[in-house]
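First comes the structure, then the notes that go with it.
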Amino acid sequence: MLFRSVAAREAEVAPRIDGLLLKIDFTAGQLVKEGDLLFEFGTRDKELTQALAKAALEQAEAQLRLSEAKLTNAQTLQRRNVASRTQLLEAQAQRDIAAAKMKDADANVQLAELALSQMKLYAPISGIISRPFIREGAYITKEARDQSRLAIIAQLDPIQVVGQVPAAMYFQRGAFLTSIEQVAEKREFGLVLPTGDKYPHNGRAVAGSYAFDPATQTIEVTVEFANPDYLLRPGLNVTLSLVPVR
């Protein structure tokens, strides 16, 4: 049975906000680990936005402290019957307004910090990375963000092969298997490389179609193999064979 190898998992690295790309920190075909730095964008404008947000937060905190002091004073005067009930309510309202403004300012600081953190993009998964689809010095706009990706990472260990299994092989040995989990438990598969060499690791089914193709009487099966040396790469045609159950 002729199967084709595919990445077990792929992840796109996409821009999140506008920015000038300053540096690409990888080369095409490189093995990257989850969390590795991949792209660096200019941060000067985001740093200024963060500084303004922090200054506004400091101002809001000072205003809250002042309003709390005024409220405490109004409560004292009201207990002594020096201030009216209305004055106390006004002081409470001013304190509540100041507290709300501080929360708003704090949220703006968090948004500014988030925007700043997004000026560096990291690998979401471990795997082999494609070539970068952008050059250093390019400026990413909102329109470009909606339509572009910067790179693709393919997880190759484990790797999967996908192909059509004839009904005769699917029901081989007379065992009636009702789920992909049972197939994985009862069936092992081997691979023969295009060179004719046997692949050193056996695989097990991890996914499959729910129905046979009525024209070919085959069913699609996905088999997963360990690939520690990255010998298998996506797009390779390989031959799948059924291994006797141990």
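Straightening the chain between Thr27 and Ala62 buys 7.6 nm, computed as 0.36 nm per residue apart minus the Cα-Cα spacing. Note on the chain: dipole from Cβ charges, positive end direction compared against Thr218, Pro15, Pro158; the farthest Cα belongs to Pro15.
Against the main long axis of the alpha-carbon atoms of the chain, helix 85-117 sits at an angle near 30°. When +1 charges are put on Lys and Arg Cβ atoms and -1 charges on Asp and Glu Cβ atoms, the dipole computed for the stretch 58-98 relative to its Cα centre reaches about 320 debye. GNM remark for the chain: springs join alpha carbons under 10 Å apart, and the peak mean-square fluctuation among Ala168, Ala105, Ala151 falls on Ala168. Residues considered: Leu66, Leu21, Leu48. Largest GNM mean-square fluctuation over the chain, using C-alpha springs under 10 Å, is found at Leu66. One chain, two ends: Tyr210 and Ile125. Fully extended at 0.36 nm per residue, the span grows by 27.7 nm beyond their Cα-Cα distance. The charge dipole of the stretch 1-144, taken about the Cα centre with unit charges on the Cβ atoms of Lys, Arg (+1) and Asp, Glu (-1), comes to about 420 debye, rounded to the nearest 20. Note on the stretch 38-99: with neighbouring protein chains present and a 1.4 Å probe, carbon and sulfur make up 50 percent of its accessible heavy-atom surface. For the chain, the longest principal axis of the Cα atoms and the long axis of helix 44-79 meet at an angle of about 40 degrees. For the residue pairs Lys54/Lys120; Lys33/Lys120; Lys54/Lys101; Lys23/Lys103; Lys33/Lys198, the C-alpha atoms sit more than 25 angstrom apart in Lys23/Lys103; Lys33/Lys198.
Candidates Asn237, Leu121, Leu191 compared by Cα position along the dipole of the chain: farthest toward the positive end lies Leu121, with charges placed on Cβ. Taken along the Cα-to-beta-carbon direction at a fixed 7 Å, the label points for Lys54 and Thr141 span 3.2 nm.
Estimated at 0.36 nm per residue, the fully extended path between Glu34 and Val82 surpasses their Cα-Cα distance by 10.7 nm.
Each other residue within a Cβ distance under 13 Å of Thr239 adds +1 if Lys or Arg and -1 if Asp or Glu, for a net charge of +1. Excluding ligands, DNA and RNA, the accessible surface per residue across the stretch 39-129 is 62 Å² with a 1.4 Å probe.
Before rounding to the nearest 500, sum -39500 (n - 2.57) across all DSSP H runs of length at least 4 in the chain and divide by the residue total; then give [θ] at 222 nm in deg cm²/dmol.
Dividing the helical sum by the residues of the chain leaves -11500 deg cm²/dmol.
Among Asn73, Asn202, Asn108, the largest mean-square fluctuation in a Gaussian network model of the chain (Cα springs under 10 Å) belongs to Asn73. Our note on the geometry: Cα centres of the stretch 1-21 and the stretch 22-59, 21 Å apart.
For the chain, a crude dipole built from +1 on the beta carbon of Lys and Arg and -1 on the beta carbon of Asp and Glu, taken about the Cα centre, is about 520 debye to the nearest 20. In this rough spin-label picture, where each label sits 7 Å from Cα along the Cβ direction, the Ala167-Tyr230 distance is 4.3 nm.
The values are calculated or read from the model by the stated rules, or taken from the named source; none is laboratory data. Since this is a predicted model, take the numbers as computed values, not measurements. When we count neighbours, we look across all protein chains shown, and the Cβ atoms used for this are built from the backbone with ideal geometry, even at glycine. SASA here: full protein model, heavy atoms, side chains in, ligands and nucleic acids out. Shrake-Rupley method; radii C 1.70, N 1.55, O 1.52, S 1.80 Å.
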